[in-house]
Amino acid sequence: MMFVSATRRRVRLAGHASRSLSFFDKMFSYGGNDDVKASSAGGSSGYQLALLGYVAGTMFPKDSLKRILTNDPGFLMGHVLVGASEYLHPRLHGDSQDAVRRVDTVKALLVDGSAQSKTETLHVHALSALVGGRYREASVAYETILREDATDLLAVKCAVDIYTLLGDARNMQDTISRVLPQWQTNHQGYSHLMSLQAFAVQERGDFAAAESLAHRSMSMNNEDGSAFHALLHALESQGKHQDGASMVQRHRDAWSEYAVLKAHLTVHWMYFLIETGRFDRVVALLKNDVLVPDEVLSANGLVDVTQVYWRLRFAGFDVPFVLEELDRQWTAVVKDAETVPLSPLAALHAHSVFSLLRPESDTPQISDQAFACDVQALHAAWVGQGLSIDRIVQFSHRLPGNGEGHVVATLLDAISAYAKGQFHVAVDKLLSVRGHLHVVGGTRVEAEFFELLLVDAARASSQLDLAKLLLIERLNIKPHSAQYWKTYGDIMEDLQDEAGVDGARRMSYVLGLGQAGTNAA
């Protein structure tokens, strides 16, 4: 795998072949792409470059499209792209707030007749639902766009990200599978589609396939930050922290220039560093590379920092200043939740911070709108606005009986119980919804927080037999995790199993924990 110098910011635009395609050519992406439809936005090379840079994680559209939108404030799809990126991948809370304003802008442009096609009109509806926190409705809108134009890369990217918010790993993968036959290998953005596929495949647990896809994508576009991100997720999910740390450090000059993903990739580096006890380095990276002086991070960024805080805490390294900073910033973000709705995952992370500092804090009310979608009403509304749509196909459905609401409420109660020292209650509640953690959204990496919380609560409530079983589960998934072996050794010590303690601590040391000290780079 190669990365070019960080100063080179090129996107390769492939030419088109001219031979005709058979059915199997199209199905398996052999040959040219003469039949690929160009969207009305496709006429703007600036838009295409901004879109490719966004999907690759290298450029924020608000920056790459700034001059175009200044010169042409009526460019509808430019505003749509910026708004979607500001909601799905914001750096600061101000970006999330601007996404709300973008919705107002594109709605006004739609009324003025700026939409040049049905798909552009649907993009406006999709963005409105997305920014309004109506995730399942937004997924329906993006899937409708893809039925009209399977090569709409923005719709694919947004659909994958929304299914991540919904915790729907199957549709993360399947939405790409459904459009893939309409893409050819030399189609502009094909490598970007592969990087999205790599991310989706690793969320389904096929890590070998994900790594292969990510490497292939990076061989086609050596500045594909999204493929690199998918690769780090696959390594983290398997507990391969040494491989992950090595890869991050080898290619730091490249990924440190990826504007959209830089802070998040730094967080992945922190996860790898925590595994080997390099806590001081983690704190330094938090201060210098993730937190922004005098600014409030977006909810996405705060979820990342909250994850890092809890992992440090579970590893026995508390950092009070990080908790205080999280409290300050989450308070500012939650205050604006009526206009910038929080995802269920974000609300849970905010509550985990508030409850530690104020155990009697009320649990937040989670809106049902993220999970619900009345397809018939939505279809009637679209038809009433002049859209010619025969049928809406909904691929992602909610659990029966408000199941998602029950899972989120139970997790909120579990977090509150943990903060109050009611560890038996926390264990019971976490166990009761453990099989449905995915519905709160996020990835395997974020979901691990709840597993760690369960292990810690079991140990704190002296349910050592349960804690041991839970650790055995985790070690089966991540056998190279030095921190899991260290925790297993602690539990063996509680159980007075000297042989178990010795074996576990030897393993944690062999895997890197304690070899270099907390101040190591």
| task | Having 1 or more residues that are at pLDDT 95 or above and under 29 Å from residue 219 (Cα atoms) is the bar; report the helices (runs of 4 or more DSSP H) wholly within region 116-196 that clear it. | result | 135-148, 153-166, 169-179
| query | If we scan region 116-123, do we find a residue that is closer than 24 Å to residue 376 by Cβ, in contact (Cβ under 8 Å) with a residue 40 or more places away in the chain, surrounded by 21 or more Cβ atoms within 10 Å (Cβ to Cβ) and among the basic types (Lys, Arg)? | reply | no
| What are the residues in region 69-87 that are surrounded by fewer than 24 Cβ atoms within 10 Å (Cβ to Cβ) and polar (S, T, N, Q), if any? | 70, 71
| Before we move on, is residue 303 touching a residue at least 24 places away in the same chain (Cβ under 8 Å), buried (at least 22 other Cβ atoms within 10 Å of the Cβ) and closer than 25 Å to residue 86 by Cβ? | yes
| query | Under the condition of being at pLDDT below 95 and hydrophobic (A, V, I, L, M, F, W, C), which residue from region 343-370 is farthest from residue 408 (Cα to Cα)? | reply | 370
| note | Subset of region 211-245, residues of a type outside the set (A, V, I, L, M, F, W, C), closer than 22 Å to residue 153 by Cβ and either touching a Phe, Trp or Tyr at 6+ places or on another chain (Cβ under 8 Å) or free of Cβ contacts under 8 Å to residues at least 60 places away in the same chain (or both), comes to 212, 216, 217, 222, 223, 225, 226, 229, 233
| remark: Counted residues in region 476-488 being crowded, with 21+ Cβ neighbours inside 10 Å and of a type outside the set (A, V, I, L, M, F, W, C) come to 6
| note | Given the conditions (1) more than 30 Å from residue 480 (Cα to Cα); (2) among the hydrophobic types (A, V, I, L, M, F, W, C); (3) in contact (Cβ under 8 Å) with a residue 24 or more places away in the chain, every one holds for residue 129 apart from (3)
| Selected residue (only one of 66, 107 is within 25 Å of residue 394 (Cβ to Cβ), of a type in the set (Lys, Arg) and surrounded by fewer than 23 Cβ atoms within 10 Å (Cβ to Cβ)) | 107
| Can you tell me which of 460, 419 is modelled with pLDDT of 95 or more, closer than 29 Å to residue 487 by Cβ, touching a Phe, Trp or Tyr at 6+ places or on another chain (Cβ under 7 Å) and small (Gly, Ala, Ser)? | 460
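The values are calculated or read from the model by the stated rules, or taken from the named source; none is laboratory data. In this text the structure is predicted, and so the values were computed from the model without any measurement. No Cβ is skipped: glycine too gets one built from the backbone with ideal geometry, and neighbour counts run over all protein chains shown.
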